[in-house]
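Bear in mind that the values in this text are calculations on the coordinates, not laboratory data. This one's a predicted model, so the numbers in the text were calculated from it and none came from an experiment. Using ideal geometry, Cβ is built from the backbone for each residue, glycine included, and neighbour counts are taken over all protein chains shown.
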Amino acid sequence: MNTIIKKAGLLSIVFLLIAKLAVCQAVYPYPMPDYTPTKENLESREMFRDMKFGMFIHWGIYSILGNGEWVMHDRGIPYKNYSRLAGFFNPQQFNAKDIVALAKAAGMKYITITSRHHDGFSMFKTDATGYNIVDATPYHHDPLKDLADECHKQGIKLFFYYSLLDWGRPDYGFGHAIVNGKPVDADWDHYIGFMKQQLTELLTNYGPVAGIWFDGEWERRDVNWHFDEIYALIHKLQPAAMIGNNHHIAAIKGEDFQMFEKDLPGENTTGFGADAKISQLPLETCETVNNSWGFNITDTNYKSVKQIIHILVNDAGRNANLLLNIGPMPNGRVQPEFVDTLTAVGNWMAKYGESIYGTRGAIAAPQDWGVVTGKNNTLYVHILKSGGQPYIFIPKLKQKITGASLFDGNSKVRFKQQPEGLFIYLDNVSADNIDTIIKLVTS
Ligand code: FHN
């Protein structure tokens with residue numbers, strides 16, 4: 001009898017584990033790579049978690065129109081007319097050294113740049129199409145090469161954003177009906193081959209690439225994207241490179257990180273996150289400084305420095321990175337409003353980065369007042385908002401706390417630990433307008 005109960009118990013544990021895995025990993029109807037992450041890849045994942053803060057760059061010929069990267073689609077500009085923009089794209093003032101220096105000044109550790117967005121224009125030298133910055137513009141130069149060289153020189157990791165969706169290529173067949181997993185009157189197999197050629201170039205010609213950031217899968221859910229071949233190709237060309245796919249669903253086998261667009265992990269303010277169950281992979285939120293990804297000349301809806309720091313801290317507390325976007329202008333420079341904000345965030349990071357970089361979150365559930373991060377035997381309590389009480393409470397803290405002090409000035413802070421959690425008393429704590437950080441020592 002006992003053995004039967006034990007067996008039943010064991011079976012239900014196995015069942016629960018399978019169910020839990022299923023919740024975190026999306027079931028994809030097409031073949032997926034039989035992928036076991038390599039040692040290099042696992043190291044990249046930890047390094048990614050340590051970095052915490054990156055720069056997203058949306059830049060393309062659309063910047064000329066100053067109305068974001070969706071301008072071709074939103075204004076219904078035919079591909080033929082839109083492609084004329086290439087003829088006058090000449091970003092003489094693009095300076096990779098300055099951009100990388102700006103990222104560093106902001107405290108960012110990596111850059112993710114659009115190599116090709118949904119408009120289909122390749123911002124790098126490619127033999128797969130003439131519709132690229134070297135062959136189709138008067139600039140005749142590859143800015144991604146400059147950026148890669150500069151990133152390698154200045155110790156910044158580089159990821160390439162790559163759009164799966166293409167609004168213009170006939171082989172993609174945008175807007176065509178999908179029958180038997182392929183768009184009709186298009187050449188889907190050719191399109192897959194085209195992407196493989198471009199990804200091979202990106203992972204061969206630019207030195208070590210930290211990862212590929214896919215986007216656009218959501219445009220057609222019912223085709224075979226050949227992720228089994230595409231992901232295997234990337235992992236074969238650069239085993240340390242990480243793969244993320246902004247498909248807004250749970251991670252799929254072969255992916256190495258999971259991103260959340262304009263939401264903290266687990267939130268769904270955008271409507272994208274309904275099916276995006278949080279995986280065990282490294283996590284990332286991508287956000288804009290104003291409301292636009294690509295350069296937008298009328299969007300002055302700038303987030304404050306405090307708002308951005310709060311997103312960054314809230315992400316860290318949830319074990320996620322922040323990838324903060326800038327959309328350079330058509331001349332290649334970054335607008336001064338972004339430079340100011342990034343520099344101010346960088347000043348904060350220079351002072352308080354210890355409580356962010358290299359930490360892990362999800363130590364305690366996020367609270368109304370803020371979050372907890374931690375590394376080694378220190379926990380950092382980030383009080384972002386006053387709860388109106390002379391104390392804060394961290395429920396169910398597993399670690400035994402032996403000391404508490406204010407990050408600024410190191411003065412001792414009173415606390416009381418009991419089975420339900422930890423009380424931290426704020427009577428002698430002068431609140432910081434952005435983030436009051438209390439350091440806890442664990443035994
Ligand atoms: O459509 C894109 C959009 O232009 C932008 O690139 C963002 C960045 O996360 N992603 C897509 C929408 O999910």
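Observations on the structure shown:
- A simple charge model with +1 on the Cβ of Lys and Arg, -1 on the Cβ of Asp and Glu and nothing else charged puts the dipole of the chain at about 1640 debye relative to its Cα centre.
- Förster-model FRET efficiency, 35 Å R0, TRP218 and ALA344, C-beta, rounded to 0.05: 0.55
- Integer Hz, Karplus 6.51/-1.76/1.60 couplings in order for segment 357-364, x for Gly and Pro: 4, x, 8, 10, x, 6, 7, 9
- Ranked from largest, the principal axis spans of the Cα set of segment 97-167 equal 35, 25, 16 Å.
- Once backbone amide H atoms are built at 1.01 Å from N, LEU283 has GLN258, ASN321 as its partners under 5 Å, excluding neighbours fewer than 5 places away on the same chain.
- With θ taken as phi - 60° and the Karplus curve 6.51 cos²θ - 1.76 cosθ + 1.60 applied, the whole-hertz 3J(HN,Hα) list for segment 268-273 is 8, 6, 8, x, 6, x Hz, x standing for glycine and proline.
- Computed 3J(HN,Hα) for segment 91-108, one whole-Hz value per residue from the Karplus formula 6.51 cos²θ - 1.76 cosθ + 1.60 where θ = phi - 60°, is x, 4, 9, 5, 9, 4, 4, 5, 5, 5, 5, 5, 4, 5, 5, 7, x, 7, glycine and proline marked x.
- Prolate/oblate/rounded call for segment 60-137, Cα gyration tensor, a/c under 1.5 rounded: prolate
- Summed over qualifying helices (DSSP H, 4 residues or more, each -39500 (n - 2.57)) and divided by its residue number, the chain shows a 222 nm mean residue ellipticity of -8500 deg cm²/dmol.
- Label-to-label distance for LYS145 and THR270 is 3.3 nm, based on points extended 7 Å past Cα in the beta-carbon direction.
- Model label sites at GLN154 and THR204, defined 7 Å from Cα along the beta-carbon direction, differ in position by 2.9 nm.
- Only one residue of ALA250, TYR172, VAL441 has its Cα farthest out toward the positive end of the dipole of the chain, where Lys and Arg carry +1 and Asp and Glu -1 on Cβ, and that residue is VAL441.
- In the chain, the ratio of gyration radius to Kirkwood radius, Rg to Rh, stands at 1.00 when only Cα atoms are counted.
- Per-selection Rg to Rh, segment 370-442 - Cα, Kirkwood hydrodynamic radius: 0.91
- Taking segment 370-442 as the region of interest, the number of lysine pairs whose Cα atoms are within less than 22 Å, with members eight or more places apart or on different chains, is 20.
- Computed lengthening from ASP34 to ASN180, 0.36 nm per intervening residue step minus Cα-Cα distance: 50.1 nm
- Modelled FRET efficiency - R0 30 Å, TRP70 with GLN197, Cβ distances, 0.05 increments: 0.70
- Once both labels are positioned 7 Å from their Cα atoms along Cα-to-Cβ, the gap between SER304 and ARG84 label points is 4.5 nm.
- Relative contact order of the chain, taken over Cα pairs closer than 8 Å and 6 or more residues apart, is 17 percent.
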